Amino acid sequence: MTTIVQKISSVFAKDKELVEVKTKPYSNPYLTGIGLGLVLLAAFVIMGRGLGASGAMSTLVAVGVNTVAPEHTQSNPFYSEYLGDGTTSPLKDWLVFEVLGVLAGGFISGSLAGRVKKGIEKGPNITSKKRLLYAFVGGSLMGIGAKLARGCTSGQALTGGALLNLGSWAFMMMIFAGGYAAAYFLRRQWL
Amino acid sequence: MNAPFYKFGLFNSDVSLIIAFIIGIAFGFALERGGFGSARILAAQFYFSNMRVLKVMFTAIVTAMLGLYYLSVIGFVDLSLIYISETYILPQVVGGLILGVGFVIGGYCPGTSVVSFATGKLDGLMYILGLMFGIFIFGEVFPYITDFYYSTNMGSVTLPQYFHLSYGLVVFLVVIMAVGAFALAEWSEKKFAHRNPENQL
């Protein structure tokens, strides 16, 4: 336990020599998949619902817009659905807390494996500036796509996939179709 | 004992938020272990050189699907109490295509971008900001696309219901399909090993 705490706190240590955490390779994908599947199964059994991600961002956006322009959000059914009836805070939401957990869990796993490093993930033939712009543009597109599809890779593809939901399977196939269709035109970013 | 526990009133909604946080930790941990905090590994899925996305996702789907199937067969879980979102086939197909294109441009999906940001990646943060901007744009145009958004509603429908097959048979077919996909993934990773970002780390 103490070594785990040491490893996690070492991310914030100025003197990296004190606790050296070697970068470990990623885990076996099939074992990781079984682990992820058991987490999803636990969500089904305990809560009666699956996992998600984009829903939490939608709540944040709705709360943000509501702070700036409350009349505007009340007349828009998209925002008002995320804001609820006003009896409790919209931030007291299952997905918001789940995504906070994802943030913590990702950080814990990364620290233990020596993979928490400030940096930019990019291919060898693209500048950092361009990569950051692409990340923003790709994120925007996925925000629009996920809202149209009523969920993202977590809420639809993964959760709906395991529940054999028709719409989720159609959606999942289309993600791969769209991805492979666009891959050729974006090869300079990654290869 | 009957599941889902929450639906049978074993705990209240405040406790459910603590459970959400714990499940989220496990979710984020698994994503990071699988290499999903790295945009290069995620994007390599679309260049056939690193198939972790497919392997982890399909293994997870098969695991949860089989678990749920057997737990419902022995009567432990009441399937009718598990939330299945309604199918709106046309907007979901279009949304999936947009998501796929966005995936190759941005390098993440919403869940993995959170893990990427948690491990210090600036592009992960930019992606999250973009994601929120996209949702804002969607919210602003929502009043104009409401008809399309609610079009082609098929209700809550599963593959067994739609194809008139038994639940067990569809579960079996998905397992077979996953095994086939894994074999193809292993083959393609060998063929394109020279450009697998994981081998260059």
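The values are calculated or read from the model by the stated rules, or taken from the named source; none is laboratory data. Remember, it's a predicted structure, so these values are computed and weren't measured experimentally. Neighbour counts are summed over all protein chains in view; Cβ atoms, including those assigned to glycine, are modelled from backbone coordinates with ideal geometry. Heads up: the accessible areas ignore ligands, DNA and RNA and are worked out on the full protein's heavy atoms, side chains in. Shrake-Rupley method; radii C 1.70, N 1.55, O 1.52, S 1.80 Å.
With labels modelled as points extended 7 Å from the Cα through the Cβ direction, what inter-label distance (nm, one decimal) is found for residue B:163 paired with residue A:3?
So the two model labels end up 4.8 nm from each other.
Which lysines does residue B:190 reach when only Cα atoms under 17 Å apart count, and residues fewer than 8 places away in its own chain are ignored?
The reachable lysines, counting only those whose Cα sits under 17 Å from residue B:190, are B:55.
Total Å² of accessible surface buried at the B-A contact, 1.4 Å probe, nearest 100?
Separately minus together, B and A give about 10700 Å² buried.
For the protein assembly as shown, what is the accessible area per residue in Å², given a 1.4 Å probe and the full set of protein chains?
Averaged over the residues of the protein assembly as shown, the accessible area is 44 Å².
Write down the Å³ per residue value for the convex hull defined by the alpha carbon atoms of segment A:28-158.
165 Å³
In whole percent, and with a 1.4 Å probe on the protein chains, what portion of the accessible area of the protein assembly as shown is carbon and sulfur?
Carbon and sulfur together cover 68 percent of it.
Probe 1.4 Å, all protein chains in place: accessible area of residue B:172 in Å², nearest 10?
120 Å²
Which pairs break 23 Å Cα to Cα here: A:24/A:122; B:121/B:191; A:129/B:121; A:92/A:147; A:7/A:117; A:7/B:121?
B:121/B:191
Relative contact order of chain B: what whole-number percent is it, with Cα pairs under 8 angstrom and at least 6 residues apart?
33 percent
Expected output is a single nm value to one decimal: the length gained when fully extending between residue B:177 and residue B:70, i.e. 0.36 nm times separation in residues minus the C-alpha distance. What is it?
36.6 nm
Give the value in nm², to one decimal: projected area of the alpha carbon convex hull of the protein assembly as shown, averaged over all directions.
Average projection, Cα convex hull of the protein assembly as shown: 20.1 nm².
What figure in square angstrom, to the nearest 10, would you give for the accessible area of residue B:167 with a 1.4 Å probe?
Estimated to the nearest 10 Å², residue B:167 gives 60 Å².
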